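Bear in mind that the values in this text are calculations on the coordinates, not laboratory data. Not measured: the values here are computed from a predicted model. Cβ: placed from backbone, ideal geometry, glycine included. Neighbour counts: every protein chain shown.
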Amino acid sequence: MRGNGAADGDGQQRLTSMEAEIRRLGGVTFRIEVEDNGKWVAESTNVDGIITGGFQYPEDVSDTITDAIFTYFEIPPALCNNALIRQRGDVARVEERVYA
């Protein structure tokens, strides 16, 4: 199913803006806190407002962080393709892991 052209254009514009911002930042970096039971929380250290978490560390980290980046930049679900982030050298990086 396709959306209308105006909505698709807006989504493409947001995607282009996201890519430019991530390039400008040199990637989105995260600090991850992990509990003994596998629960985890990741917070970006260079983009205020990107925070996410899960219950299965490390299995769901990559997909969950990718989803949080798309959500932050308001990318429409139809345009959310993990390859957009990963093909550019894994722009989401973990710079610190803390085990609580």
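Coupling constants for the stretch 66-74 follow from the phi torsions by the Karplus curve (6.51 cos²θ - 1.76 cosθ + 1.60, θ = phi - 60°), and in residue order they are 4, 4, 5, 5, 4, 5, 4, 8, 6 Hz; glycine and proline get x. Taken over the stretch 5-99, the ratio of Cα radius of gyration to 2.2 N^0.38 Å equals 1.11.
Taking label points 7 Å from Cα along the Cα-to-Cβ direction, Glu74 and Glu33 give a separation of 2.9 nm. Using a basic spin-label model with each label point 7 Å from the Cα along Cα→Cβ, how many nm lie between Arg14 and Asn82? Between Arg14 and Asn82, the simple spin-label model gives 2.1 nm.
Computed about its Cα centre, the charge dipole of the stretch 5-99 is approximately 340 debye, with only Lys, Arg, Asp and Glu carrying charge at their Cβ.
Taking the Cβ of Ala68 as the center, what net charge do the other residues with Cβ under 14 Å away carry, scoring Lys and Arg +1 and Asp and Glu -1? Local net charge: -4.
Rounded to 0.05, the FRET efficiency of the Arg24 and Ile51 pair, given R0 = 25 Å and the Cβ-Cβ distance, is 0.75.
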